[in-house]
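One structure is given here, and the rest of the page talks about it.
No value in this document is a laboratory result; all are computed from the given coordinates. The structure displayed is predicted, hence computed values, not measured ones. Every residue, glycine among them, receives a Cβ derived from its backbone with ideal geometry; neighbour counts consider all protein chains shown.
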Amino acid sequence: MVLHLAERLSVPLRERNVILTAAGFAPVYREQPLDAPELDAARAAIEGILQGHEPHPALAIDRHWTLLSANRAVGVLLAGVADHLLAGEVNVLRLSLHPDGLASRILNFGTWRAHILARLAHEIDVSADPRLAAPLDELKSYPAPRQGGKHGAVSPASSEIAVPLMLKSDEGPLSFISTTTIFGMAVDVTLSEVTIEAFFPADPETAKVVAGMMAA
């Protein structure tokens, strides 16, 4: 009955184990490291998706937004990012909103920041994970970039369908919309918490510029 209710309520696998334990039962769902041999096929699938998405950027993250893997095109997004944000465990949210990260290059910073904070707050509500609460406070404390006037600007074409990520680049403005992919049939806790974020050009100009940068 516990498992039936958890499934109907779409409770994450990690929390299902917690509920089972609280009800006096043993956890049902295994949690293995991503480099475990049992997850070889899943890792191959992740890398296949990332590489297959080139020349456009795509990356894989865990439940705490730690970068697990990325394709070569992600370098297009990371131009000018400070080295200290890329050392050790890389947190994608910190990378996005930190003043030494992408913040100074995001043309619609206010809109993008609001989108990121709302998504993180929702994940905290769903998971009650304390490790997500601290990053939320940290991200809220970051100052907005000093360049004024464009932090709330949104490309009219892309904003009609999704919140875009709009970046300054040496080749001109870049605009992306993104998709989120998960393993829908996962019964391993680790695999169920892997998310692939894939960025698509929101306009023909961005597609042309990104293709040229990758070719170079």
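The tail of the calculated P(r) for the chain beyond 32 Å holds 23 percent of all Cα-Cα pairs.
Where the only charges are on Cβ atoms (+1 Lys, Arg; -1 Asp, Glu), what is the dipole of the stretch 36-215 about its Cα centre, to the nearest 20 debye? Don't skip to the answer; put the middle values down first.
On the way: 13 positive and 21 negative charges, 128 e Å.
For this selection, approximately 620 debye.
Give me the tail of P(r) for the stretch 39-90 as a percent: Cα-Cα pairs with distance above 19 Å. The proportion of pairs with Cα distances above 19 Å equals 31 percent. Highest mean packing first, where packing is the average number of other Cβ atoms within 10 Å per residue, the peptides 94-102, 137-145 line up as 94-102, 137-145.
Toward the positive end of the charge dipole of the chain, with +1 on the Cβ of Lys and Arg and -1 on the Cβ of Asp and Glu, the farthest Cα among Thr206, Ala70, Ala87 is that of Thr206.
Hey, what did the chain get for relative contact order, percent, Cα under 8 Å, at least 6 apart? This gives 23 percent for the chain.
Work through the residues other than Tyr29 whose Cβ is under 9 Å from its Cβ and net out their charges, Lys, Arg +1 and Asp, Glu -1. Working shown, then result.
Details: positive: Arg14, Arg16, Arg30; negative: Glu31, Asp188.
Computed value for this residue: +1.
Amide hydrogen proximity for Ala73: with H placed 1.01 Å from N in the peptide plane, the residues at 5 or more positions away or on another chain lying under 5 Å are Ala58.
When each of the peptides 57-63, 45-51, 205-211 is scored by how many other beta carbons lie within 10 Å of its residues on average, the order from highest to lowest is 57-63, 205-211, 45-51.
Considering all projection directions equally, how large on average is the shadow of the alpha-carbon convex hull of the stretch 1-113, in square nanometres? Walk me through the numbers before you get to the answer.
Details: hull surface 39.9 nm².
Quarter of the Cα hull surface area: 10.0 nm².
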